[in-house]
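To start, the structure itself, in structure tokens.
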Amino acid sequence: MDVPILRSVLDHGERQLWVGTPRRGIVLRASDALLIPFSLMWGGFAVFWETTAVRHGAPTIFVLWGIPFVLMGVYLVIGRFFIDAARRAHTTYAVTNDRIIIEVDRIGPLPGSTRSLSLRTLGELQLRERGDGTGTITFGSQPFGGLGAGASWPGSPQLPAFDVVPDARRVYDVIREAQRTVT
């Protein structure tokens with residue numbers, strides 16, 4: 001795959017040291033060990049509630065009450081995987097001699113964004129590497145030892161990260177070397 005060069009967001013004199021994209025497709029994460037059983041229970045109960053309310057002629061308020069829970073169940077069971085894949089398909093990462101750049105292109109009605117983190121003030125780096133060499137590099141400290149890493153809940157803040165990048169150890173080394181040489 002051709003990775004775009006982020007020249008449009010580079011400052012004068014800034015050099016791009018690395019550019020890449022996250023792995024494409026559906027990705028299972030450690031947090032899914034808890035989220036998958038929870039989502040199946042949530043979704044199953046929501047569907048049970050809704051079908052029972054409809055079959056037994058429950059008042060309209062009970063039928064309407066169940067709809068948001070069913071929709072949330074659909075999101076938890078399958079929707080979150082597709083939304084995560086779409087987000088990663090529109091994301092590009094870069095390391096320059098001055099900063100970390102995370103660029104997300106516009107996805108449908110959602111606006112695009114560019115996030116910059118200065119290498120001078122970059123806090124803790126955490127590398128979580130898989131057996132195939134892909135991994136996630138997180139910038140900052142994750143509560144609870146990163147148990148929820150990669151779990152995206154609408155409206156919840158996420159630490160900036162290079163999510164599921166190929167050859168993550170090499171990218172991590174590029175960042176560490178750039179940090180050492182920044183003035």
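The values are calculated or read from the model by the stated rules, or taken from the named source; none is laboratory data. All of these numbers come straight from a predicted model, not from anything done at the bench. Counting neighbours? That spans all protein chains shown, and the Cβs are built from the backbone with ideal geometry, glycine included.
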Checking the conditions here, which among 66, 44, 57 is more than 23 Å from the chain's Cα centre (by Cα) and at positive phi?
57
Here are the criteria: (1) touching a helix residue (DSSP H, G or I) at 6+ places or on another chain (Cβ under 7 Å); (2) in a loop (DSSP other than H, G, I, E, B); (3) farther than 25 Å from residue 164 by Cα. Tell me which single one residue 12 does not satisfy.
(1)
I'd like to know if region 132-148 contains one or more residues that are small (Gly, Ala, Ser) and part of a helix (DSSP H, G or I).
yes
Mind checking which pairs have a first residue in region 153-166 that is assigned by TED's automatic domain parsing to the domain that holds residue 122 and part of a loop (DSSP other than H, G, I, E, B) and a second that is among the polar types (S, T, N, Q) and modelled with pLDDT under 60, Cβ under 9 Å, 6 or more apart or different chains?
158/152
Show me the helices (runs of 4 or more DSSP H) entirely contained within region 31-124 in which 1 or more residues are touching a Pro at 6+ places or on another chain (Cβ under 9 Å) and surrounded by 13 or more Cβ atoms within 10 Å (Cβ to Cβ).
32-55, 80-89
Find all pairs meeting these conditions: Cβ atoms under 8 angstrom apart; at least six residues apart or on different chains; first residue within region 87-107 and over 11 Å from residue 162 (Cα atoms); second residue in a helix (DSSP H, G or I).
96/178; 97/178; 97/181; 104/87; 107/86; 107/87
